[in-house]
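The structure appears right after this line, and notes come after that.
The values are calculated or read from the model by the stated rules, or taken from the named source; none is laboratory data. Keep in mind that this is a model prediction, so the values were computed, not measured. Backbone-built Cβ (ideal geometry, glycine too); neighbour counts: all protein chains shown.
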Amino acid sequence: MDLFEYMKDVNKEKESPLAARMRPRTLDEVVGQRHIIGKDKLLYRAIQADKLSSVIFYGPPGTGKTTLAKVIAGTTSAEFTQINATVAGKKDMEAVVEKAGELRGMYGKRTILFIDEIHRFNKGQQDYLLPFVEDGTVILIGATTENPYFEVNGALISRSLIFELEPLSREDIEELLRTAASDGERGMGAYHAVIEEDALAFLADVSGGDARHALNALELGVMTTERAQDGLIHITLDVAQECIQRRVLRYDKNGDNHYDTISAFIKSMRGSDPDAAVYYLARMLYAGEQVAFVARRIMICAAEDVGNADPNALVVAVSASLAVERIGMPEAQIILSQAAAYVAAAPKSNAAVNAIGEAMEEVGKTGNLPIPAHLQDAHYKGAGKLGRGTGYKYAHDYPNHYVRQQYLPYELSGREFYRPSGNGYEVKIAEHMKRLRREAQDSE
């Protein structure tokens, strides 16, 4: 490398965003993720010993997936190659594999292939890599923000260790910001900036565990704030709030954050916690979730988890679904909040879902049992000669509009599917059915 090339690299480094400049260079500089890179952990030992096998790093943006790959690149004796799945094609992978085969065959040197955003590769591209990962031609490091069990081929998953990176804690983010503000070599130290404690706490809180987001906000604040009379740049709470206008939510409508949030929403309604239900509703709406999808989930919960303990829950849920279609956001959030809170606070019963579940199971076993003849259709010529409808008792001709007769197939006589719970309106349903049967029995 000549002097011109050296100076070009130096200037490029200085012009890089703060988040890129502050990337850790060694494992000991990495902040957070102690659950996978603590000194007693497998990944730490494997990287230090340069004995890494294929791995997939999975976690939200800004948690250190690419950082760990860069640290590995700086510590391994293996050839390190990086591609990004958003722009790389099969030819790029073929070139990497060909070179890796040559290095392995001629020099016994391993090749580590880092694929950023590996979930962007289609099935065919992932399948292409499989034999080369399996025979050791390349050691794969994949990075993804999506749950790999959803987005990465099972064959690659089975040949890799999965490490889930967690959002950085507030304390981790605060440590990174302090270091970045004072570091004169890679950080903002040369600007003589001072970040106030309330601003530091705010940035750490609203960044949502995303180090890149927090560092970008700090850099923006330093570069756009005028110096005070004392010659320093003061990053106050007001400056911090201007640099991050809105909290970033990790929510992908096709990813596992979507499924995790809707799961928490439903379980909160089922668990009779209207506060949590409304909170998760707000997270979904804030992230732009479709109101029709949310309304469907409320209707399902009203039938599945409330049922006849409060029949009005389904009425409220259906009405809300129709209303939000006609009104739209932002007012639709009020209607959804009302429905979610009602369903969450309603008495609960899963008797209806248990009933249909048991009935479906029984039908799967004995679905061809003959229907009692007196229940069969008698509205056609010749039905009487076949005994169809003969002996049927019309319920409204009897006291309380009820009469005992065989409704289930005879082989299932006495079988119960719907068993009302002891909650809400189902108490009255159970009492009503019990009274009807008792009075009918007494009249016989």
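Looking at the stretch 145-156, which of the residues that are part of a helix (DSSP H, G or I) and surrounded by 16 or more Cβ atoms within 10 Å (Cβ to Cβ) is modelled with the lowest pLDDT?
151
Quick check on residue 179: is it over 30 Å from the mean Cα position of the chain (by Cα), surrounded by 15 or more Cβ atoms within 10 Å (Cβ to Cβ) and outside any helix (DSSP H, G or I)?
Spelling it out, it is not the case that residue 179 is over 30 Å from the mean Cα position of the chain (by Cα), surrounded by 15 or more Cβ atoms within 10 Å (Cβ to Cβ) and outside any helix (DSSP H, G or I).
Condition first: among the polar types (S, T, N, Q) and exposed (fewer than 15 other Cβ atoms within 10 Å of the Cβ). Now tell me which residues in the stretch 49-74 satisfy that.
Selection gives 53 alone.
Given the criterion in contact with a Phe, Trp or Tyr (Cβ under 6 Å, 6 or more places away or on another chain) and touching a residue at least 60 places away in the same chain (Cβ under 8 Å), identify the matching residue among 78, 69.
Exactly one residue qualifies, and that residue is 69.
Identify all residues within the stretch 264-305 that are of a type in the set (Val, Ile, Thr) and touching a residue at least 60 places away in the same chain (Cβ under 8 Å); write none if there are none.
278
For the subset of the stretch 75-94 comprising residues that are of a type in the set (Gly, Ala, Ser) and surrounded by 13 or more Cβ atoms within 10 Å (Cβ to Cβ), which member is farthest from the chain's Cα centre (by Cα)?
Looking at the filtered set, the residue picked out is 78.
For the list (1) more than 23 Å from residue 37 (Cβ to Cβ); (2) modelled with pLDDT of 90 or more; (3) touching a Lys or Arg at 6+ places or on another chain (Cβ under 9 Å), I need the number of the one condition that residue 165 fails.
The number of the failed condition is (1).
To keep it simple, each residue is scored yes or no on (1) surrounded by fewer than 20 Cβ atoms within 10 Å (Cβ to Cβ); (2) hydroxyl-bearing (Ser, Thr, Tyr); (3) within 18 Å of residue 63 (Cα to Cα).
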site: 166; (1), (2), (3): yes, no, yes
site: 175; (1), (2), (3): yes, no, yes
site: 185; (1), (2), (3): yes, no, no
site: 189; (1), (2), (3): yes, no, no
site: 211; (1), (2), (3): no, no, yes
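Does residue 210 satisfy being within 23 Å of the chain's Cα centre (by Cα), assigned by TED's automatic domain parsing to the domain that holds residue 226 and either on the phi < 0 side of the Ramachandran plot or of a type in the set (Gly, Ala, Ser) (or both)?
Yes, satisfied.
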